[in-house]
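Visitor: Structure incoming, see below.
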Amino acid sequence: MLSGPAILRISVLLILAGILAALVQYLLPSSSPAPDPAPVAEAPAENAPAEPAAPPPAPEPAPPPAAPTASPAAPRPTQQQMPPDALAFPSEPAPAQQQGEAEIDRAEDNAGPRALAILDLNTASVADLNKLRGGGAIGRAITAKRPYTSVDQLLSKRVLSRAVYEKIKDQVTVR
């Protein structure tokens, strides 16, 4: 059986081994194969005639997908041709679009804080109470001490700590 100091030494060694492994992994380059850099053309010798570089081989085109067999009597739908510029994205937004974005930016700057949904402590579900901003997983504790006559009872019934209460008090009510 291991004594307390022996367990402590083993724990320290394991922690040091983990730190060392992380350090080695950080400092050494990854072992995944890197793509080969593009071949560099050597400068031709002074006496050798200059030969043009051969272009890279073109990939073979994939065969077109097989069309489903249809009865010869069925008419074939015709595809409408789209103009080539229809697929292109405009390089600059239209002036009306720029004006609309500017108005949205100004409205966001002038807007107050976003409205919060206020939950009733006596009727809200555990999931809804857990979604309160700054509260964490407090839904089960709140539902266990129901009913409440005021929000302050979260403190008086020792359901929440003061820090958590301060974060959620504006998001809850009692009806």
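The values are calculated or read from the model by the stated rules, or taken from the named source; none is laboratory data. The structure displayed is predicted, hence computed values, not measured ones. Here the Cβ positions follow ideal geometry from the backbone for every residue, glycine too, while neighbour counts run over all protein chains shown. Only protein heavy atoms, including side chains, enter the accessible area calculation; ligands, DNA and RNA are left aside. Shrake-Rupley method; radii C 1.70, N 1.55, O 1.52, S 1.80 Å.
Visitor: Considering only the stretch 132-142, how many residues are open to solvent by 20 Å² or more (accessible area, probe 1.4 Å) and over 13 Å from Lys167 (Cβ atoms)? Write out each step before concluding.
Guide: Here is the first cut: in the stretch 132-142, the residues open to solvent by 20 Å² or more (accessible area, probe 1.4 Å) are 133-134, 136-137, 140-141.
Keeping just the survivors that are over 13 Å from Lys167 (Cβ atoms) gives 137, 140-141.
Counting residues in the stretch 132-142 that are open to solvent by 20 Å² or more (accessible area, probe 1.4 Å) and over 13 Å from Lys167 (Cβ atoms) gives 3.
Visitor: Quick check on the stretch 152-174: of everything there that is part of a loop (DSSP other than H, G, I, E, B) and of a type in the set (D, E, K, R), which residue is most open to solvent (accessible area, probe 1.4 Å)?
Guide: Just the residues of the stretch 152-174 that are part of a loop (DSSP other than H, G, I, E, B), to begin with: 152, 157-161, 174.
Still in the running and of a type in the set (D, E, K, R): 152, 157-158.
On the way: Asp152: 96, Lys157: 63, Arg158: 204 Å².
The residue in question is Arg158.
Visitor: Under 7 Å between Cβ atoms, which residue pairs at least 6 apart in sequence (or on different chains) link something in the stretch 131-157 that is free of Cβ contacts under 8 Å to residues at least 24 places away in the same chain with a partner that is surrounded by 10 or more Cβ atoms within 10 Å (Cβ to Cβ) and hydroxyl-bearing (Ser, Thr, Tyr)?
Guide: Note: pairs meeting the criteria are Leu155/Tyr165.
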